[in-house]
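Below: one structure, written as structure tokens.
Bear in mind these aren't lab numbers, they're just calculated from the coordinates by the rules spelled out. As the structure is a computational prediction, the values presented were derived from the model and not from experiment. Cβ placement follows ideal geometry from the backbone for every residue including glycine, while neighbour counts extend to all protein chains displayed.
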Amino acid sequence: MKIDKTSLFTDEVRAEIDKHIAKYPADWKQSACMPALTAVQEMNGGWLTRELMDQVAAYLDMPAIAVYEVATFYSMYEHKEVGRHKICLCTNISCMVNNSDSILEHLNKRLGISFGEVTDDGKFSIKEVECLGACGGAPMMQIGDHYYENLTPEKIDSILEELE
């Protein structure tokens, strides 16, 4: 089966991928796999479909399985719909001993969802993450490119109100 290398991507996504491809020797296009997946995921509302991963593989002239391996290994790639604001809550040891369980409980009550779920309005989802490298500010979470540290229920309420 021959896959059209461009049908699912916008011109902006192709330009973004091409910018990353240009950083590598011509026969190393596959080195742009991660930024290509990131660009495609952002274009698709925060998650990847198999069809989109196949398109990345075709665009980078690499086997689809190699793209699937990357997309399933790294936790920043999503394989089902996520909320407009994906809350990545750290549950690793530093956050755990600093009550990340109570933070999750508060998020569950406040949003009515748990890990892997999306609010009915599509605004929020919660994802459990192993470590975000901010142990000194535990408990913590990431939403988009922002880290929120030293979380309390009151701080979470303030953050969510700003995002709503």
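Brief remarks on what is shown
- Cross-link table 80/127; 123/155; 23/86; 86/109; 29/127; 23/80, entries beyond 22 Å C-alpha to C-alpha: 23/86; 29/127; 23/80
- Expected 222 nm ellipticity per residue - DSSP helices of 4 or more, -39500 (n - 2.57), all of the chain, to 500: -12500 deg cm²/dmol
- Only one residue of 13, 111, 57 has its Cα farthest out toward the positive end of the dipole of the chain, where Lys and Arg carry +1 and Asp and Glu -1 on Cβ, and that residue is 57.
- Between 103, 87, 65, the residue with the greatest mean-square fluctuation in the GNM of the chain (Cα pairs under 10 Å linked by springs) is 65.
- Degrees between helix 11-21 axis and first principal axis of the chain (Cα, 0 to 90, nearest 10): 80 degrees
- Relative contact order computed over the range 11-73 (Cα-Cα under 8 Å; 6+ residues apart), in percent: 29 percent
- Principal-axis tilt of helix 50-59 within the chain, Cα atoms, nearest 10 degrees: 40 degrees
- Relative contact order for the chain, counting Cα pairs under 8 Å that sit 6 or more residues apart, in percent: 18 percent
- Phi to ³J(HN,Hα) by Karplus 6.51 cos²θ - 1.76 cosθ + 1.60 over the range 106-118, Hz, x for Gly, Pro: 5, 4, 4, 5, 5, 9, x, 9, 10, 4, x, 10, 10
- Rounded to the nearest Hz, the phi-derived 3J(HN,Hα) couplings of the range 32-40 under the Karplus curve 6.51 cos²θ - 1.76 cosθ + 1.60 (θ = phi - 60°) are 8, 4, 5, x, 5, 4, 4, 5, 5, where x marks glycine and proline.
- Within the range 85-163, antiparallel bridges make up roughly 50 percent of the DSSP beta bridges whose residues both belong there.
- Within the chain, percent of DSSP bridges classed antiparallel, to nearest 5: 50 percent
- Rounded to the nearest Hz, the phi-derived 3J(HN,Hα) couplings of the range 72-89 under the Karplus curve 6.51 cos²θ - 1.76 cosθ + 1.60 (θ = phi - 60°) are 9, 6, 8, 6, 7, 9, 9, 10, 8, 4, 10, x, 4, 10, 8, 8, 9, 9, where x marks glycine and proline.
- Length gained when the stretch residue 146-residue 119 is fully extended (0.36 nm per residue, less Cα-Cα span): 7.7 nm
- P(r), alpha carbons of the chain - 5 Å bins starting at zero, rounded %: 1, 9, 17, 17, 15, 12, 11, 9, 6, 2, 0
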